[in-house]
Structure formats: C-alpha cells, structure tokens
Amino acid sequence: MKFIAGFIVALVALAIAGFAVVYSGVVNVAARGPDSAPVAWLLTTAMQRSVARRAAAEPQPAPSTDLKLGFRFYNETCVYCHGGPGKDPVDFGKGLIPEPPYLADTVAGWTGAELYWIVKNGVRMTGMPSFADSHKDEELRAVVAFIQKLPGMTPEQYAEYEKAQ
Ligand code: HEC
C-alpha cells in the first residue's frame, strides 16, 4: 500500500512539474537557432518511428512512372522549402526549424511507402504540410517517384525537366 501511495504521489508531482514547465513559458517556440541535441534526437526519432509504423500499416501505394507530373508538383511546391539541384530554398523555407532537408541527401533512407505517407499526411508541428486534400493520389505517387530520382541529379538535368514542361 505504502509503495503504491508513494508511486501515485511521485506521478502527481511529475505531472505538476510538467505542467509548470509548459505554463511558465520557459519552452522556447522561436523558429530560430537549432534545437538542442536531446530535443532534436527526441523529435527526429519520434518522427521516424511514427512514419515507419504508420506507413507499414497502410496498403502499399502503386509505384508511379510519371516523372513529368512528379516534377511539376515538385517544382511548383516542394522546391520552395526543400530546394533542388541548382535551386536554393526560398526565405520561408530557410526560416523553418526543423530545417526542410535537402531531399537528394535523405530520400534513400526511406522506403517508397514511407515517402508517400509523409507527402500525403505531412509532419505535425514542423513546416511539412499534408497534401492529401489538395492533390490527387496520382500526383502524390508521381512526386514520390520524382524525389527518388533526385540523388545524383545535376542542375542541368533538373533544368531539362523545366524546359520539357
Ligand atoms: C512549407 C515548407 C515545406 C514544403 C512546401 C514541403 N516540405 Fe517537405 N518538409 C518540410 C520540413 C520542415 C520537413 C522536416 C520535417 C521533420 O524534420 O520532421 C520536411 C520533411 C519532408 C520529408 C522527410 C525527409 C527526411 O529525410 O526527413 C519528405 C520526404 C518531404 N518533406 C517531401 C516533400 C515533398 C515531396 C514536398 C512537395 C510535394 C514537400 N516536402 C513540401 C517542409 C516542407
């Protein structure tokens, strides 16, 4: 009994401490300067584990081969935050924390189903939007196919897609 009572008191004390931290305003919500290493680890790990779990639980998206459609979507939307070969992100993309990653460097670490899940659902509390309601499924699958071509793509090759539009 004593042990259980002590446990409950400890839990209540923790809850009060947690509330005090939130309510006092010490949590810095500014989108300037990097997250501290522990916070960055916590957020990145939570994001990666959440995406892996949820993408695995959903039906696999059919792979797309429509790179032209994927490019159009990428160049009209994603490039402003993520940049692309020969293209820097614009000011609002540079002003986000966490920083939108340069996808050519990171896509290989994700499966197609995970990339599709991210584009469809977005990432809460980051600048990454959900495109589920604004775009057709065909476009979501096409942009995944296009970003999977980004590693090794030269600025000239990117510009070729632009000219071919
Ligand atoms: C308004 C800015 C913004 C736009 C527009 C945007 N993104 Fe993102 N995206 C982000 C941010 C910020 C993250 C980082 C999220 C995180 O770290 O949890 C991100 C993360 C991602 C990731 C995960 C990458 C990784 O390695 O962690 C993928 C994939 C992605 N975005 C694809 C896209 C695609 C494709 C589009 C266009 C259809 C797009 N994004 C449009 C801001 C944006």
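Only the coordinates and a few stated rules stand behind these numbers; no lab work does. Bear in mind that the values here come from a model prediction, so they are computed numbers and not experimental data. Positions of Cβ are backbone-derived with ideal geometry, glycine not excepted, and every protein chain shown enters the neighbour counts.
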For segment 104-165, what does the relative contact order come out to in percent, with C-alpha contacts under 8 Å and a separation of six or more? 35 percent
If each part is reduced to its alpha-carbon centroid, segment 87-165 and segment 24-47 end up apart, in Å, by 23 Å
Helices from the chain with mean Kyte-Doolittle at least 0.5 and a Cα length along the axis of 20 Å or more, per DSSP H: which? 2-24
Under 10 Å, Cα contacts only: if you run a Gaussian network model on the chain, which one of Tyr74, Tyr102, Tyr23 comes out with the highest mean-square fluctuation? Tyr23
Under 12 Å, Cβ to Cβ, from Val51 - net charge with Lys/Arg +1 and Asp/Glu -1: +3
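Report the net charge of residues surrounding Pro155, where surrounding means a beta-carbon distance below 13 angstrom and charges are Lys +1, Arg +1, Asp -1, Glu -1.
With Lys, Arg at +1 and Asp, Glu at -1, the net is -2.
Mind putting a number on the dipole of the chain about its Cα centre? Charges go on the C-beta only, +1 for Lys and Arg and -1 for Asp and Glu, and I need it in Debye to the nearest 20.
580 debye
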Using +1 at the C-beta of Lys and Arg and -1 at the C-beta of Asp and Glu, which of Val26, Phe131, Gly86 has the Cα lying farthest in the positive direction of the dipole of the chain? Val26
Reachable aspartates and glutamates, given that their alpha-carbon falls under 13 Å from the alpha-carbon of Lys87 and they are not under 8 places away in the same chain: Glu76, Glu156, Glu162
What aspartates and glutamates sit close enough to Lys149 to cross-link, taking a C-alpha to C-alpha distance under 13 Å and skipping anything fewer than 8 places away on the same chain? Asp66, Asp105
